[in-house]
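So the structure is just underneath, and the comments pick up after that.
The values are calculated or read from the model by the stated rules, or taken from the named source; none is laboratory data. These numbers were taken from a predicted model, which means no experiment stands behind them. Here the Cβ positions follow ideal geometry from the backbone for every residue, glycine too, while neighbour counts run over all protein chains shown.
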Amino acid sequence: MSNKSFQLIDTFDEQVPTSSKIGGHDQNVDWFKCIFCQTDSLDTLQCPASARQNDTSAGYKTLSENLEQFNEINSLPSWLDLNKLNDGSGIQNTLIKSNAKWHKKCRLKFNTTELKRAQKRQHRYISDDGQASLLQEARKSTRLSLPCKIGLKDYVCFFCDSIEEDEMLREAATYGIDNRVRECAQKLQDTALLAKLSAGDLVAQEAKYHVKCLIYLYRKASRVANDDESEGGTQSRISHGIALAELVSFIEESRSEDNVAPVFKMSDLSKMYGNRLEKMGAEQEGRVHSTRLKNRLLTYVPDIEAYKQGRENLLAFKDDIGPALRRACEEDFDSNYMQIYKAVKIVRSDMMATSSEFNGTFAADCQEKSVPRSLLTLVNMLLYGPDITTDSFSQETLSIAQMLIFNSHKRIQKSNRHAKSRETPSQMYLGIVIHCQTRKRGLIDKTV
């Protein structure tokens, strides 16, 4: 087993040589390799001199200008020495004379996009005291919260007019917050806040605020509103209780009729409740909340239940549900025969619109084409019952359906004469067979 010695290798962020060497070469650049990494790899080398264009120096010109600008803002990597790419005639001329080549991935590190990013990161200016300072440009942010440490002299809380370095300022972005702040200012009669709001809405003023200040305003206005309600709220609650009692009485009295099973719509009950409150002079905030009213009714009328019917809520007594369901399940002859009448009307309409013509031959599907689909389905269901798996019709179904078509009329006829357009293939075939056997036309008329 061979002995191995271990050596500590220093690593850097750029993971490239930090000496003046390029790719491990001391002084000279190997122009047959990539001028940046100076390594042998399977990646294709790009050379502007071999490009199929009139001006082959454009690529070298752009690269040389980018490298010089990178060098001006001190953004070149430490392993890249521009002096080795300049023989005294300039970087561009040196690259052209040497037919410089590079890998695409190496060239992308020094393109125009990377140059702009580097310039944006390290934009320099000269301050008043003559010393260079580094400005970090403010990032574009989609969040409305701004730290107080940025622009403290420009941003203050709209409510407290103070700056706290540990708090976050947020910007008003909706008209809902403006409306609520105005309501709170009116309740509190805060003249200072009303004066600020007179300059325009919070969104237009780009108002900034602390969250705790806004919450404190809401809670303070809520306490004032509760104090006002405690004075006149007793009378309002009495009015609501009276209106509810009258509504419960109305529901129970409707149940007194023996032959009627009352069903109440919550929309109608809400209107009655609201109208009664209005007549008593009770204050209402908007329309009556039907869901809350329904829950109160279910509490004080235990025999009633709520049922959902689309967007409407229906109230009915539990004892009336059973008889209603029983009546619905009982046989209703009027309804049954009305359904039969509708079915017959549909099928007869299709039968009267059907016609057939004999052209001397019988096609394979002539029987099905001479009869409407609705009639075939009806006859098939009468014979065999509903069957969704059946793809074709039996001969019995076809024969009966054709017999119905052949003998159908728009109205009752005194004679047995049949229309030529209603002669179906089965009747035509039967007449031809009888005529061939007997040669008697009278027998055909009697039989067919």
| request: Confirm whether residue 282 is part of a loop (DSSP other than H, G, I, E, B) and out of contact with any His (no Cβ under 7 Å at 6 or more places or on another chain). | output: no
| Restricting attention to region 168-188, which residues are among the small types (Gly, Ala, Ser) and either closer than 14 Å to residue 215 by Cα or buried (at least 18 other Cβ atoms within 10 Å of the Cβ) (or both)? | 172, 185
| message | Checking residue 358 against (1) touching a helix residue (DSSP H, G or I) at 6+ places or on another chain (Cβ under 8 Å); (2) within 30 Å of residue 244 (Cβ to Cβ); (3) modelled with pLDDT under 85, only one condition comes out false. Which one? | response | (2)
| note | Note on region 50-80: residues under 13 Å from residue 114 (Cβ atoms) and hydroxyl-bearing (Ser, Thr, Tyr) are 62, 75
| request: Name every residue in region 67-91 that is closer than 16 Å to residue 32 by Cα, out of contact with any helix residue (DSSP H, G or I) (no Cβ under 7 Å at 6 or more places or on another chain) and without any contact (Cβ under 8 Å) to a residue 60 or more places away in the chain, in order of residue number. | output: none
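Results for (1) β-branched (Val, Ile, Thr); (2) more than 16 Å from residue 267 (Cβ to Cβ), shown as yes or no for each residue.
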| residue | (1), (2) |
| --- | --- |
| 284 | no, yes |
| 287 | no, no |
| 293 | no, no |
| 297 | no, no |
| 301 | yes, yes |
| 306 | no, no |
| 312 | no, no |
| 316 | no, no |
| 326 | no, yes |
| message | Kindly evaluate residue 94 against the criterion of being β-branched (Val, Ile, Thr), closer than 24 Å to residue 40 by Cβ and either surrounded by 15 or more Cβ atoms within 10 Å (Cβ to Cβ) or out of contact with any helix residue (DSSP H, G or I) (no Cβ under 6 Å at 6 or more places or on another chain) (or both). | response | yes
| Single residue of 247, 214, 194 found to be at pLDDT below 85 and surrounded by 13 or more Cβ atoms within 10 Å (Cβ to Cβ) | 194
| Pick from region 163-207 the residues that are among the hydroxyl-bearing types (Ser, Thr, Tyr) and more than 33 Å from the chain's Cα centre (by Cα): which of them is farthest from residue 224 (Cα to Cα)? | 198
| Can you pull out the residues in region 71-89 that are of a type in the set (A, V, I, L, M) and within 22 Å of residue 120 (Cα to Cα)? | 73, 76, 80
| task | Tell me which residues, restricted to region 294-319, are crowded, with 16+ Cβ neighbours inside 10 Å and over 23 Å from residue 240 (Cβ atoms). | result | 316, 317
| query | Among 395, 402, which is in contact with a helix residue (DSSP H, G or I) (Cβ under 7 Å, 6 or more places away or on another chain) and on the phi < 0 side of the Ramachandran plot? | reply | 402
| request: Quick one: which residue in 309, 284 is modelled with pLDDT under 85 and more than 30 Å from residue 326 (Cβ to Cβ)? | output: 284
| said: Can you confirm whether residue 277 is part of a helix (DSSP H, G or I), in the same structural domain as residue 264 (by the TED database) and over 19 Å from residue 239 (Cα atoms)? | reply: no
| field | Those residues of region 259-271 which are in a helix (DSSP H, G or I) and either exposed (fewer than 15 other Cβ atoms within 10 Å of the Cβ) or not aliphatic (A, V, I, L, M) (or both), in sequence order | value | 267, 268, 270, 271
